[in-house]
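Asks: Mind having a look at this structure? Questions to follow.
The values are calculated or read from the model by the stated rules, or taken from the named source; none is laboratory data. Fair warning: this is a prediction, and the values are worked out from it, not measured in the lab. With ideal geometry, Cβ positions are generated from the backbone for all residues, glycine too; neighbour counts draw on all protein chains shown. Heavy atoms of the whole protein, side chains included, go into the accessibility calculation; ligands, DNA and RNA do not. Shrake-Rupley method; radii C 1.70, N 1.55, O 1.52, S 1.80 Å.
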Amino acid sequence: MGDLVQAELRKTTTTTLWWALLIPTVLIALGGGLLSGLAGQTFVEVFSSSEAEQLSDALGVTPDQWKFSLLGIGRTINLATMFPLIFGALAIANEVGTRTITTTFLTAPSRVHAMAAKMMVYALWGAIYGLAIIGFTALGIVLTSNSGQMPDAGGWAMLALVCVLSSILMTMFGVGLGALIPNSAGVVVLLIMYFLVIENALQFGLRLAGVPETAVGFLPNGSVDGLTGSVAVDLFLADAGVVPEDGVYWLRVLAGAGGAQAWWLSGLIFFAWVAAAFGGGWARMTQKDIT
């Protein structure tokens, strides 16, 4: 099994795909961090003005308690994890297209061993992407904000945890879909369209139909966004004082977690989607004619 894992690692590191997708991942994470820090600082400056003092007093908080940069962190993570998703989708789709997966299956003790090795290697890559995302997002926040707009050590640890977890799950979801739809261009277009367009349109349609807002949290994008966005909102509310219920809803929307469940439940829901996709892909690959 160790040889298979080494072979998969060698296969991924000797191609340009991992760093070609890592570059835009890092740029989006850094850019999102910079914008989040600037937005948080702007909010503090506006509400620190004399015109806003009465509103601040009525809410019972001081402006520096409203860490709006946290909401931007949630949004940034959600957007940046699109790249490990694509990376995972191309894991098997490229191999099927180039027929290199034939050699992989013929040299492995079994297809189960080959798929297990892929699962471990791409989970590792998901973690690497996740660490890069939270690291460069944090760098952007530090460069454009002050300590009052940043979470404490425990908050950063929690954000890092859910960021890495989200990245791993998105990578594995991509691997599963790439196995189910072994066409490189097709699966990438489908995933981009679904996560950025189709589900958003579906969410809008559900709201128009009067379906409860929480239904959104059971969709793939809604659940994975809730994993990170709900943590960002929880950290925001921990220092924000009293926030009206309507205000909490809009905070969740800003963090990309509108209609989402608690972060841990959102993670379990998306894990179920990942298990279904990966399980389906695994079953397809173990039965596929590779000649």
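Asks: Would you be able to tell me the number of residues in the stretch 156-199 that are aliphatic (A, V, I, L, M) and not in a helix (DSSP H, G or I)?
Replies: Matching residues across the stretch 156-199 total 1.
Asks: Given 281, 259, which one is buried (at least 20 other Cβ atoms within 10 Å of the Cβ) and out of contact with any Leu (no Cβ under 8 Å at 6 or more places or on another chain)?
Replies: That would be 259, the only listed residue that is buried (at least 20 other Cβ atoms within 10 Å of the Cβ) and out of contact with any Leu (no Cβ under 8 Å at 6 or more places or on another chain).
Asks: What are the residue pairs meeting all of these: first residue in the stretch 68-91, first residue open to solvent by 10 Å² or more (accessible area, probe 1.4 Å), second residue charged (D, E, K, R) and part of a helix (DSSP H, G or I), Cβ atoms under 8 Å, and 6 or more apart or on different chains?
Replies: 78/225
Asks: On to the next question. Quick one: what pairs do we get from the stretch 263-287, first residue assigned to a helix (DSSP H, G or I), second among the charged types (D, E, K, R), C-beta under 8 Å, 6+ apart or different chains?
Replies: Short answer, once both residue conditions are applied: 263/234; 266/225; 285/111; 286/111.
Asks: Criterion first (modelled with pLDDT of 90 or more, under 21 Å from residue 175 (Cβ atoms) and open to solvent by less than 20 Å² (accessible area, probe 1.4 Å)) does residue 191 satisfy it?
Replies: When the stated conditions are applied, residue 191 passes them.
Asks: Taking the conditions exactly as written (open to solvent by less than 10 Å² (accessible area, probe 1.4 Å), at pLDDT 95 or above, within 24 Å of residue 2 (Cβ to Cβ) and assigned to a helix (DSSP H, G or I)), does residue 126 satisfy them or not?
Replies: yes
Asks: Related question: Could you look through the stretch 199-228, keep only residues that are among the charged types (D, E, K, R) and in contact (Cβ under 8 Å) with a residue 40 or more places away in the chain, and pick out the one that is most open to solvent (accessible area, probe 1.4 Å)?
Replies: 213
Asks: Residue 147 versus (1) open to solvent by 40 Å² or more (accessible area, probe 1.4 Å); (2) within 20 Å of residue 270 (Cβ to Cβ); (3) of a type in the set (Ser, Thr, Tyr): which is the lone unmet condition?
Replies: Failed condition: (2).
Asks: Next up: Taking residue 150 as the residue in question, decide whether it is in contact (Cβ under 8 Å) with a residue 60 or more places away in the chain and either within 19 Å of residue 2 (Cβ to Cβ) or in contact with a His (Cβ under 7 Å, 6 or more places away or on another chain) (or both).
Replies: no
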